[in-house]
Amino acid sequence: EQASGCPQFGALCSKTSHDWQPLGSMNSPPPSLEDRLGASLLAVLLLITLVNVVVRYFTDQSFAWTEEISCILMLLLAMAGSATALVRDTHIRVEYFFERGSAHRQHRLALLSALSNALLFALMGVLSAQMAWDEFRYDETSPAIGVPKWWYTVWLPIFCGVVCTRAMQRYQRLRGPA
């Protein structure tokens, strides 16, 4: 069933299984752990970037460490956003194929999507764990501030595990009781 769209953009937005509501409305879901984590990461990223811009403006020099920390914070923010999208079923999909199928087809595609996400993030978790282990084993240090690189990369497999867990939870919810 195709609805008229979201109130902000009219027919430009399509409505699938989601209800369009303003943020903070009474019917919106409570913030998840991933929402809070993403907001915290974004606040830290904003503060670091602001400090770097102010220092660069007044001294014509920048803090080299801000780029390293900003990069890892952006990556972790993207991972938290991926977990949030899985929880809320707002991840990217090809709506053209999804909406034109029967309810049974939509359900099967949703199951396939959840399993694909779980597999992808499990694989990314394994590979990023190997990368963090190699950085630890070979004592690699970051170029700007000289700290061990594994301090940054150790978070990737953890966040991949969170996203993989959320994908499997979604799969279990879609599959129903065993």
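Might you let me know whether region 115-124 holds any residue that is more than 21 Å from Leu174 (Cβ to Cβ) and either open to solvent by less than 80 Å² (accessible area, probe 1.4 Å) or among the acidic types (Asp, Glu) (or both)?
yes
Can we say Tyr96 is modelled with pLDDT of 85 or more, out of contact with any Ser or Thr (no Cβ under 7 Å at 6 or more places or on another chain) and aromatic (Phe, Trp, Tyr)?
Taking the combined requirement at face value, the residue does not satisfy it.
Just the residues that are of a type in the set (D, E, K, R) and surrounded by 12 or more Cβ atoms within 10 Å (Cβ to Cβ), please, taken from region 45-75. Outline the logic, then answer.
Narrowing region 45-75 to residues of a type in the set (D, E, K, R): 56, 60, 67-68.
Arg56, Glu67, Glu68, listed by residue number.
Kindly indicate whether Phe97 is open to solvent by 50 Å² or more (accessible area, probe 1.4 Å), assigned to a helix (DSSP H, G or I) and not small (Gly, Ala, Ser).
When the stated conditions are applied, Phe97 passes them.
What are the pairs with Cβ atoms under 8 angstrom where one residue, in region 65-78, is free of Cβ contacts under 8 Å to residues at least 60 places away in the same chain and in a helix (DSSP H, G or I) and the other, located anywhere, is of a type in the set (Lys, Arg) and open to solvent by 30 Å² or more (accessible area, probe 1.4 Å)? Sequence gap at least six, or different chains.
Listed pairs, sorted by first residue: none to list.
Here are Met168, Met131: which of them is in contact with a Leu (Cβ under 9 Å, 6 or more places away or on another chain), among the aliphatic types (A, V, I, L, M), open to solvent by 60 Å² or more (accessible area, probe 1.4 Å) and within 24 Å of Met74 (Cβ to Cβ)?
Being in contact with a Leu (Cβ under 9 Å, 6 or more places away or on another chain), among the aliphatic types (A, V, I, L, M), open to solvent by 60 Å² or more (accessible area, probe 1.4 Å) and within 24 Å of Met74 (Cβ to Cβ) holds for just one of Met168, Met131, which is Met131.
The values are calculated or read from the model by the stated rules, or taken from the named source; none is laboratory data. Please read all numbers here as calculations on a predicted model, not as lab measurements. Positions of Cβ are backbone-derived with ideal geometry, glycine not excepted, and every protein chain shown enters the neighbour counts. These area figures cover heavy atoms from the full protein model, side chains too; ligands, DNA and RNA do not enter into them. Shrake-Rupley method; radii C 1.70, N 1.55, O 1.52, S 1.80 Å.
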